[in-house]
Amino acid sequence: MILELKDIQLSFTNARKERFHLLSGVNLGVQEGEITALIGGNGAGKTTLFNIISGFQKDYTGQVLFKNTDLSKLAPFQISRCGIGRLFQGKQLMGSLTILENMLMASSDRTGEFPFSYLVYPRFLKAKESEKTELAVHILETLFGKGCKYVDMLHHPASELSYGEQRMIAIARLLMGENELLLLDEPTAGVNPVYNQTIARIISEMARDKNLTILMIEHNMHFVREVASKCAFLDEGKIAVYGETNAVIDNPAVRSSYLGL
Ligand SMILES: Nc1ncnc2c1ncn2[C@@H]1O[C@H](COP(=O)(O)OP(=O)(O)OP(=O)(O)O)[C@@H](O)[C@H]1O
Ligand SMILES: [Mg+2]
């Protein structure tokens, strides 16, 4: 297991001073190299679980183990340096920055470079930047083909791209860092079916060719069936059903309580 969630519990006190248990013992193991979908109703706690894994939410009990290391004491930037990349729900690119700048922003320096070396060694900065620019172009060409419009538009503001295109670039740039695990929060939300096909393809290719493990939250069950090999259904604070994707989506409890079928 590359990621293990062990008995994760999280509760809040509401305005009437009542305790509300959002997560009441989440157990989930994510197998290396696999694409796992996390499904569940609005407000079930899926994004909160991602916040716990990536270190933004700390007031939980239980354990988050990434390659057997406990992440509970680590800050978000340290967790991202461990090799966990994240696509946020709804967030897109920085519209005023160019496509290239958005790609470069995501490149992590896990090798422990001295952050001020750029000031002291401007030539080092130049070399590093051109290396990373090459990587950005390579990633875009690999995913979208040689001569793709994103390479032509490298120096254009990201705001010139449609929402769906920005979503795809936001996924593609997760390859800039040395990530091993990607947390994707609703990659297809607000994206039309044509782009869904491309997003399905790039996620599958990223997992297969880069040996990435992917945990993704998604409400589009066609997409989940196409992309994910495993599926976990979060309901009433627990992983209520887990297994092969088709079996989980066709499970009577999932169909009635989540899909309304
Ligand atoms: N700090 C907090 N205090 C009180 N309630 C909170 C807090 N953080 C989250 N919640 C509540 O917990 C619930 C879970 O939210 P979360 O964003 O994890 O859901 P989700 O499963 O991602 O839903 P969606 O599918 O709509 O994105 C929400 O109802 C939210 O309001
Ligand atoms: Mg959410």
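The values are calculated or read from the model by the stated rules, or taken from the named source; none is laboratory data. The model shown is predicted, which means the values in this text are computed figures rather than measured ones. Methodologically, a virtual Cβ is constructed for each residue, glycine included, from the backbone with ideal geometry; neighbour enumeration extends over all protein chains shown.
General remarks:
- E165 being modelled with pLDDT of 95 or more, away from ligand 1 (no atom under 16 Å from the Cβ) and within 27 Å of E218 (Cβ to Cβ): no
- Single condition E186 does not satisfy, out of (1) under 28 Å from E218 (Cβ atoms); (2) out of contact with any strand residue (DSSP E or B) (no Cβ under 8 Å at 6 or more places or on another chain): (2)
- One residue alone among F88, F56 is among the hydrophobic types (A, V, I, L, M, F, W, C), in contact (Cβ under 8 Å) with a residue 40 or more places away in the chain and within 13 Å of ligand 1 (Cβ to nearest atom), and that residue is F88.
- Tally, over the range 228-252, of residues that are assigned to a helix (DSSP H, G or I) and touching a strand residue (DSSP E or B) at 6+ places or on another chain (Cβ under 6 Å): 2
- Of all residues in the range 175-195 being in a loop (DSSP other than H, G, I, E, B) and closer than 14 Å to A37 by Cβ, the one that is nearest to ligand 1 (Cβ to nearest atom): E186
- Candidates are the residues of the range 171-190 that are within 16 Å of ligand 2 (Cβ to nearest atom) and of a type in the set (G, A, S); the one that is surrounded by the most Cβ atoms within 10 Å (Cβ to Cβ) is A189.
Matching residues to (1) within 21 Å of the chain's Cα centre (by Cα); (2) surrounded by 17 or more Cβ atoms within 10 Å (Cβ to Cβ):
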| position | (1), (2) |
| --- | --- |
| E205 | yes, no |
| K210 | yes, no |
| I217 | yes, yes |
| N220 | yes, yes |
| K230 | yes, yes |
| D235 | yes, yes |
| N251 | no, yes |
| S256 | no, no |
| G260 | no, no |
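- In the set (1) more than 16 Å from ligand 2 (Cβ to nearest atom); (2) closer than 19 Å to L87 by Cβ, E218 fails one condition alone, (1).
- Applying the condition of being closer than 23 Å to A207 by Cα and surrounded by fewer than 18 Cβ atoms within 10 Å (Cβ to Cβ) to the range 139-150 and asking which residue is farthest from the chain's Cα centre (by Cα) yields K146.
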